[in-house]
Amino acid sequence: MTPHNLSQGIAAGLTMDGVAVRIAATFADVVPTKSWGETSFFYNPGRALPRGVYFCTLKDHDGENDRASHLNRSGVYRLSFGLPNAAFDQLFGPRPARPKKGGVVDGPWDFTALDVLTPHPIYGWMGWIAVLNPTGATLGQIMPLIWQAYEKAQESFAKRCKSA
(Lines give C-alpha, C1' and ligand atoms only; values in the text may rest on other atoms or scores of the structure.)
Protein backbone atom coordinates (compact mmCIF):
# COMPACT_ATOMS: atom_id res chain seq x y z
CA MET A 1 0.00 0.00 0.00
CA THR A 2 1.40 3.39 -0.93
CA PRO A 3 0.89 6.38 1.35
CA HIS A 4 -0.98 8.19 -1.42
CA ASN A 5 -3.52 5.43 -2.02
CA LEU A 6 -5.74 6.89 0.68
CA SER A 7 -9.00 5.14 -0.20
CA GLN A 8 -7.34 1.72 -0.05
CA GLY A 9 -5.70 2.56 3.29
CA ILE A 10 -8.91 3.77 4.87
CA ALA A 11 -10.92 0.81 3.56
CA ALA A 12 -8.34 -1.66 4.85
CA GLY A 13 -7.93 0.04 8.22
CA LEU A 14 -9.96 0.05 11.38
CA THR A 15 -12.04 3.02 12.40
CA MET A 16 -10.78 5.26 15.15
CA ASP A 17 -13.83 4.34 17.25
CA GLY A 18 -13.10 0.64 16.67
CA VAL A 19 -9.53 1.04 17.91
CA ALA A 20 -10.75 3.04 20.93
CA VAL A 21 -13.19 0.27 21.86
CA ARG A 22 -10.45 -2.36 21.49
CA ILE A 23 -7.99 -0.42 23.66
CA ALA A 24 -10.59 0.20 26.38
CA ALA A 25 -11.71 -3.46 26.34
CA THR A 26 -8.20 -4.94 26.31
CA PHE A 27 -6.45 -2.95 29.02
CA ALA A 28 -7.81 -2.93 32.57
CA ASP A 29 -8.09 0.29 34.54
CA VAL A 30 -7.67 2.50 31.48
CA VAL A 31 -9.81 5.62 31.45
CA PRO A 32 -10.54 7.12 28.01
CA THR A 33 -10.66 10.90 28.23
CA LYS A 34 -11.35 13.55 25.62
CA SER A 35 -8.56 16.05 26.08
CA TRP A 36 -6.37 18.30 23.97
CA GLY A 37 -8.59 17.53 20.98
CA GLU A 38 -7.91 13.81 21.07
CA THR A 39 -8.97 10.70 22.92
CA SER A 40 -6.34 9.99 25.56
CA PHE A 41 -6.18 6.79 27.55
CA PHE A 42 -4.90 7.11 31.10
CA TYR A 43 -3.97 4.19 33.32
CA ASN A 44 -5.74 5.07 36.58
CA PRO A 45 -7.04 2.17 38.70
CA GLY A 46 -9.70 3.36 41.12
CA ARG A 47 -9.09 6.84 39.74
CA ALA A 48 -6.50 7.20 42.47
CA LEU A 49 -4.76 10.07 40.70
CA PRO A 50 -6.45 13.16 39.25
CA ARG A 51 -5.73 11.98 35.70
CA GLY A 52 -3.60 8.86 35.93
CA VAL A 53 -0.69 8.06 33.63
CA TYR A 54 -0.86 8.86 29.94
CA PHE A 55 -0.78 5.57 28.08
CA CYS A 56 -2.10 5.90 24.54
CA THR A 57 -3.83 8.44 22.27
CA LEU A 58 -6.04 8.62 19.20
CA LYS A 59 -6.13 11.84 17.20
CA ASP A 60 -7.90 12.71 13.96
CA HIS A 61 -6.95 16.31 13.24
CA ASP A 62 -3.92 18.52 12.99
CA GLY A 63 -3.02 20.83 15.84
CA GLU A 64 -1.16 24.12 15.92
CA ASN A 65 2.18 22.39 16.61
CA ASP A 66 1.31 18.98 15.15
CA ARG A 67 0.74 18.92 11.41
CA ALA A 68 3.34 16.38 10.30
CA SER A 69 0.88 13.51 9.82
CA HIS A 70 -1.63 15.54 7.81
CA LEU A 71 -4.44 14.29 10.02
CA ASN A 72 -6.89 16.71 8.43
CA ARG A 73 -7.26 14.30 5.50
CA SER A 74 -10.71 12.74 5.53
CA GLY A 75 -10.83 9.55 7.59
CA VAL A 76 -7.20 9.69 8.74
CA TYR A 77 -6.29 9.26 12.40
CA ARG A 78 -3.19 8.45 14.44
CA LEU A 79 -2.77 5.85 17.18
CA SER A 80 0.20 6.66 19.43
CA PHE A 81 1.71 5.27 22.60
CA GLY A 82 4.87 5.58 24.68
CA LEU A 83 7.40 2.75 24.81
CA PRO A 84 10.14 1.91 27.28
CA ASN A 85 13.55 3.10 26.05
CA ALA A 86 14.84 -0.35 25.09
CA ALA A 87 11.76 -1.17 23.00
CA PHE A 88 11.94 2.15 21.13
CA ASP A 89 15.67 1.70 20.51
CA GLN A 90 15.12 -1.82 19.18
CA LEU A 91 12.62 -0.54 16.62
CA PHE A 92 14.16 2.76 15.55
CA GLY A 93 17.60 3.12 17.11
CA PRO A 94 18.42 5.88 19.59
CA ARG A 95 15.70 8.42 20.24
CA PRO A 96 15.81 11.47 18.01
CA ALA A 97 16.48 14.88 19.49
CA ARG A 98 13.59 16.98 20.75
CA PRO A 99 12.31 19.14 17.88
CA LYS A 100 11.90 22.89 18.11
CA LYS A 101 8.36 24.13 18.71
CA GLY A 102 6.34 23.50 15.58
CA GLY A 103 8.98 21.10 14.22
CA VAL A 104 9.19 17.33 13.91
CA VAL A 105 11.77 14.80 15.02
CA ASP A 106 14.59 14.36 12.55
CA GLY A 107 14.80 11.07 10.69
CA PRO A 108 13.96 9.17 7.51
CA TRP A 109 10.31 8.55 8.38
CA ASP A 110 7.25 9.51 6.35
CA PHE A 111 4.81 10.64 9.03
CA THR A 112 1.97 10.79 6.46
CA ALA A 113 2.16 7.11 5.44
CA LEU A 114 -0.84 4.97 6.38
CA ASP A 115 -0.43 1.69 8.28
CA VAL A 116 3.31 2.25 8.86
CA LEU A 117 4.85 2.30 12.34
CA THR A 118 7.05 5.37 12.94
CA PRO A 119 8.29 7.39 15.87
CA HIS A 120 5.67 9.96 16.84
CA PRO A 121 6.51 13.05 14.75
CA ILE A 122 6.52 15.36 17.78
CA TYR A 123 7.05 13.07 20.80
CA GLY A 124 9.42 10.50 19.31
CA TRP A 125 12.16 12.05 21.46
CA MET A 126 10.15 10.82 24.49
CA GLY A 127 9.87 7.27 23.12
CA TRP A 128 6.36 7.62 21.67
CA ILE A 129 5.55 5.81 18.43
CA ALA A 130 2.63 6.12 16.04
CA VAL A 131 0.71 4.53 13.20
CA LEU A 132 -1.88 6.14 10.95
CA ASN A 133 -5.00 4.10 10.19
CA PRO A 134 -3.69 0.69 11.27
CA THR A 135 -5.22 -2.35 9.62
CA GLY A 136 -6.45 -5.19 11.81
CA ALA A 137 -3.29 -7.13 10.93
CA THR A 138 -1.04 -4.23 11.93
CA LEU A 139 -2.92 -3.66 15.19
CA GLY A 140 -2.48 -7.36 15.97
CA GLN A 141 1.26 -7.14 15.22
CA ILE A 142 1.80 -4.07 17.39
CA MET A 143 -0.37 -5.24 20.28
CA PRO A 144 2.73 -6.57 22.14
CA LEU A 145 4.21 -3.08 21.87
CA ILE A 146 1.00 -1.53 23.21
CA TRP A 147 1.23 -4.00 26.11
CA GLN A 148 4.75 -2.71 26.81
CA ALA A 149 3.40 0.84 26.84
CA TYR A 150 0.65 -0.26 29.21
CA GLU A 151 3.17 -1.93 31.56
CA LYS A 152 5.29 1.23 31.47
CA ALA A 153 2.21 3.23 32.50
CA GLN A 154 1.54 0.78 35.35
CA GLU A 155 5.11 1.25 36.63
CA SER A 156 4.84 5.04 36.42
CA PHE A 157 1.48 4.93 38.19
CA ALA A 158 2.94 2.88 41.05
CA LYS A 159 5.83 5.36 41.44
CA ARG A 160 3.48 8.34 41.45
CA CYS A 161 1.23 6.74 44.04
CA LYS A 162 4.19 6.02 46.33
CA SER A 163 5.39 9.61 46.14
CA ALA A 164 1.91 11.10 46.58
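Let's see if you can work this out: charge +1 on each Lys and Arg Cβ, -1 on each Asp and Glu Cβ, no other charges. What is the dipole magnitude of the chain about its Cα centre, in debye to the nearest 20? Let's see the in-between values first.
Values: 16 positive and 13 negative charges, 111 e Å.
In debye, rounded to 20, the chain gives about 540.
Projecting the Cα atoms of T15, G93, P108 onto the charge dipole of the chain (Cβ charges, centred on the Cα centre) puts G93 farthest toward the positive pole. Hydrodynamic radius of region 19-62 by the Kirkwood approach over all distinct alpha-carbon pairs: 10.6 Å. Among the protein heavy atoms of region 27-164, carbon and sulfur supply 52% of the accessible surface, probe 1.4 Å, non-protein parts ignored. Accessible area per residue for the chain, computed on protein heavy atoms with a 1.4 Å probe, is 51 Å². Dividing the summed -39500 (n - 2.57) terms of all DSSP H runs of n ≥ 4 by the residue count of the chain sets its mean residue ellipticity at 222 nm at -10500 deg cm²/dmol.
Using heavy atoms of the protein chains and a probe of 1.4 Å, the accessible area assigned to M16 is about 40 Å². Computed over the chain, the P(r) tail beyond 27 angstrom holds 21 percent of alpha carbon pairs.
Take every Cα pair under 8 Å in the chain that's 6+ residues apart, average their separations, divide by the length, and report that relative contact order as a whole percent. Write down the numbers at each step before the final one.
Working: 272 pairs, mean separation 38.3, N = 164.
Value for the chain: 23 percent.
The values are calculated or read from the model by the stated rules, or taken from the named source; none is laboratory data. Quantities reported herein were computed from a predicted structural model and do not represent experimental measurements. Cβ: placed from backbone, ideal geometry, glycine included. Neighbour counts: every protein chain shown. The protein model used for the area step is the full one, side chains on, heavy atoms only, and it has no ligands, DNA or RNA in it. Shrake-Rupley method; radii C 1.70, N 1.55, O 1.52, S 1.80 Å.
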